Amino acid sequence: MKYMSATTIASQTASGELSSTAITDYYLGRIDNYNPQLNAFVDIFAEQARYTAKLRDQQQREDKPVGVLHGVPVSVKECYQIKDTKTTLNYQGLRNYVSDSTSLLVQRLVDAGAVVLGKTNVPSLLADAQTFGPIYPTCNNPYALDRTPGGSTGGGAAALAADLCALEIGSDIGGSIRNPAHNCGLFGFKPTENGHHLDGHIPPLPHLDLGLSVMNCTGPLARSAVDLELAYNVLFAPDWEQRLYLPIAREQKTPDCLSGYSFGFVDNMAGVQPGSEVRNAMQRTRDKLIAAGAEVNDIRIDQELAREALVLWVELFGYAMGQTLRLPVRKLLYWQYRHLFKRSSLPADQALKALSSGLSLNFKAFSRALKRRQEIVTEALRQQKSVDIIVSPTTLGPAFPHNKDHKAVMLDGEKIPYVDFCFPFVNFFSLTGQPVVTVPTGLTESGLPVGLCFAAAHHQDQTLLHLAQLMEKQGFTFQPPDFGKD
């Protein structure tokens with residue numbers, strides 16, 4: 001059963017070749033054995049999962065498989081509401097909050113036949129590239145327990161990589177799907193912004209009747225590209241009953257081989273460049289794409305545009321976070337981030353002014369920021385128009401040792417500011433709102449995964465999902481860690 005794909009599990013449980021009870025018990029057993037070392041799950045629904053699995057088996061015997069995820073054990077990021085369960089965001093202010101409803105996206109997984117095993121670990125308020133906080137124990141990376149799995153979907157990524165579940169649903173405003181997928185050798189997908197429901201996702205914090213969502217996206221993580229598309233199609237099918245006005249589908253460019261694509265490699269973002277291990281991964285990827293017949297070029301993102309985009313990301317992040325926080329908490333958040341920006345390569349005065357503006361919740365300033373965002377997106381897409389796909393690093397290096405004080409990260413013998421190491425490449429594409437798929441490229445000499453990001457134009461989601469499958473066939477695959485081998 002080990003490391004079975006979600007697609008295979010669904011096929012075998014629907015046909016009766018494998019019982020949902022057996023695969024659910026397998027995963028619950030692995031959670032019992034290995035979660036104490038990983039802290040990937042923070043809430044385990046063992047009794048409910050076994051009940052649901054038995055129901056799935058009964059439905060199969062009655063020749064009534066539920067859907068395309070029939071009997072598939074999945075995990076859910078802790079920030080998604082599930083009725084009568086805690087949704088704390090690892091934040092003291094929500095320590096005792098119990099959801100009174102279930103996220104539409106979680107319900108879609110269940111309606112498609114999935115078995116929810118439990119909720120996975122997150123950093124406080126989802127606001128870090130690591131996974132730790134005051135409520136839950138620090139989450140560890142299964143490739144090296146002394147290192148972070150990333151954040152904020154760190155618990156789900158660790159669980160997937162260690163084979164404690166078959167799929168994870170995450171969310172991403174600043175790399176929170178892409179960063180953990182990179183650190184844990186997985187496929188991860190950040191869809192086009194605003195294309196899909198955020199119903200049942202916190203933040204915004206509950207019961208405040210607020211709806212601002214800017215840059216935040218929901219999406220799946222998986223061990224295979226096929227599973228990624230399977231989950232995507234379940235989560236984000238058009239909901240005509242609720243009269244959602246979704247973008248009209250364009251004619252998608254989905255060649256059947258990599259030779260049908262042109263790729264543009266970006267290795268510099270606002271003056272920040274990756275370390276040797278990521279550069280090596282980029283070169284190996286270039287070589288494989290060229291060997292497969294693809295057109296490969298270098299693309300330059302104007303450095304001044306990139307810096308402005310990253311500063312604007314800070315301002316919009318301030319609005320997104322600040323809208324639900326009391327003034328004292330907003331001030332605390334400002335001072336927590338102040339020292340990080342002071343140490344980064346971002347123009348500190350501009351970044352701090354932007355953060356202060358966002359946390360002030362001034363509507364006219366917000367409107368001006370949105371206007372400038374539209375201008376930056378237009379120019380960014382113009383600079384990318386010569387290629388189909390942009391290839392970039394996720395972070396500057398592989399997973400780093402736990403770093404609760406956010407100190408500089410060692411990279412090729414140099415100290416790199418925490419913000420520079422984690423955020424420039426992912427935040428640029430968060431600001432532009434483009435869809436991005438993270439694809440594993442292999443392991444470093446020290447056995448740590450490196451994943452690269454592949455971005456396309458808006459609403460080319462299916463193109464990227466198809467591309468990920470083509471790349472998987474070319475050897476870009478998940479490679480399990482040594483952890484948990486039995």
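The values are calculated or read from the model by the stated rules, or taken from the named source; none is laboratory data. Bear in mind that the values here come from a model prediction, so they are computed numbers and not experimental data. Here the Cβ positions follow ideal geometry from the backbone for every residue, glycine too, while neighbour counts run over all protein chains shown. These accessible areas exclude ligands, DNA and RNA; they are computed on the full protein's heavy atoms, side chains included. Shrake-Rupley method; radii C 1.70, N 1.55, O 1.52, S 1.80 Å.
Per the helix-only calculation at 222 nm, which mean residue ellipticity applies to the chain, given -39500 (n - 2.57) for every DSSP H run of n ≥ 4 and division by its residues, nearest 500 deg cm²/dmol?
Per the formula, -12500 deg cm²/dmol.
Per residue, what volume in Å³ does the convex hull of the Cα atoms of region 355-429 enclose?
Dividing the Cα hull volume of region 355-429 by its residues yields 128 Å³.
From the C-alpha gyration tensor of region 244-356, pull out the three semi-axes of the equivalent ellipsoid (sqrt of 5λ each), sorted largest to smallest, in whole Å.
The three semi-axes for region 244-356 are 37, 22, 12 Å.
Trypsin sites (Lys or Arg not before Pro) within region 5-101: which are DSSP loop residues with at most 16 other Cβ atoms inside 10 Å?
LYS83, ARG95
Ranking request for peptides 411-420, 444-453, 431-440: highest mean number of other beta-carbon atoms within 10 Å first, then the rest in descending order.
431-440, 444-453, 411-420
Per q in 0.14, 0.24, 0.27 1/Å, what log10 I(q)/I(0) does a Debye calculation on the alpha-carbon atoms of region 1-56 return?
Treating every Cα as an identical point scatterer, log10 I(q)/I(0) equals -0.40, -1.01, -1.13.
Output wanted: per-residue J couplings in Hz (rounded whole) for region 90-99, from phi through Karplus 6.51 cos²θ - 1.76 cosθ + 1.60, θ = phi - 60°, x for Gly and Pro.
Residue by residue, region 90-99 yields 6, 10, 4, x, 10, 3, 10, 6, 10, 5 Hz.
Counting only residues 5 or more places away or on other chains, whose amide H sits under 5 Å from the amide H of PHE265 once H atoms are built in the peptide plane?
HN-HN under 5 Å from PHE265: ASN297, ASP298, ILE299, VAL391.
How big is the gap, in Å, between the Cα center of region 415-486 and the Cα center of region 268-328?
So the separation of the two Cα centres works out to 12 Å.
Quick one: which of LYS407/LYS485; LYS86/LYS119; LYS2/LYS288; LYS54/LYS485; LYS331/LYS353; LYS353/LYS404 span more than 21 angstrom between C-alpha atoms?
The answer is LYS407/LYS485; LYS2/LYS288; LYS54/LYS485; LYS353/LYS404.
Going from most exposed to least, what order do THR148, THR52 have by accessible area with a 1.4 Å probe?
Heavy-atom accessible area, descending, gives THR52, THR148.
How high is the relative contact order of region 141-195, in percent, with contacts defined as C-alpha pairs under 8 Å that are six or more residues apart?
35 percent
Can you list the HN-Hα couplings for region 331-344, worked out from phi with the Karplus curve (6.51, -1.76, 1.60; θ = phi - 60°), rounded to whole Hz and with x for Gly and Pro?
Along region 331-344, the couplings run 5, 4, 4, 4, 6, 5, 7, 4, 5, 5, 5, 4, 8, 8 Hz.
³J(HN,Hα) across region 314-327 via Karplus (A = 6.51, B = -1.76, C = 1.60, θ = phi - 60°), whole Hz, x for Gly/Pro?
Rounded to whole hertz, the list is 4, 5, 5, 4, x, 5, 4, 6, x, 4, 10, 9, 5, 3.
Out of the total accessible area of the chain (probe 1.4 Å, heavy atoms of protein only), what percent is carbon and sulfur?
50 percent
Using a 1.4 angstrom probe, figure out how much accessible area region 256-363 has per residue, in square angstrom, rounded to the nearest whole.
47 Å²
Using alpha-carbon pairs under 8 Å, 6+ residues apart, how would you state the relative contact order of region 339-440 in percent?
32 percent
So, in Å, what gap is there between the alpha-carbon centers of region 347-366 and region 1-59?
Taking the Cα centre of each part, region 347-366 and region 1-59 sit 46 Å apart.
Where does each of 158-168, 204-214 land if you order them by average Cβ count within 10 Å, highest first?
My ranking of the peptides, most packed first, is 158-168, 204-214.
Past the 24 angstrom mark, what percentage of all C-alpha to C-alpha distances in region 87-180 do you count?
In whole percent, the long-distance tail amounts to 20.
Using just the Cα positions, wrap region 150-196 in a convex hull and report its mean projected area in square nanometres, one decimal place.
Averaged projected hull area, Cα only: 3.1 nm².
Could I get the Rg over Rh figure for the chain? Both from C-alpha atoms, Rh via Kirkwood, rounded to two places.
Over the Cα atoms of the chain, Rg/Rh equals 0.94.
Which order do you get for LYS2, LYS342 if you rank them by accessible area with a 1.4 Å probe, largest at the top?
LYS342, LYS2
Got a number for the accessible area of MET4? Probe 1.4 Å, square angstrom, nearest 10.
MET4 exposes around 30 Å² with every protein chain in place.
Cα-based Rg (one decimal) and Dmax (whole number) for region 335-486, in Å?
18.4, 59
At 1.4 Å probe size, what's the solvent-accessible area of ARG279? Round to the nearest 10 Å².
120 Å²
Could you list which residues have their amide H under 5 Å from that of ASP43, counting only those 5 or more apart in sequence or on another chain, with H placed in the peptide plane?
Those lying under 5 Å, H to H, from ASP43 are LYS119.
Could you work out the per residue convex hull volume over the alpha carbons of region 1-137, in cubic angstrom?
Here the figure is 109 Å³ per residue.
Of the peptides 268-274, 109-115, how do they stack up when ordered by the mean number of other Cβ atoms within 10 Å, highest first?
109-115, 268-274
Normalised radius of gyration for region 426-480, please: alpha carbon Rg relative to 2.2 N^0.38 Å, two decimal places.
1.24
How high is the relative contact order of region 405-484, in percent, with contacts defined as C-alpha pairs under 8 Å that are six or more residues apart?
The value is 23 percent.
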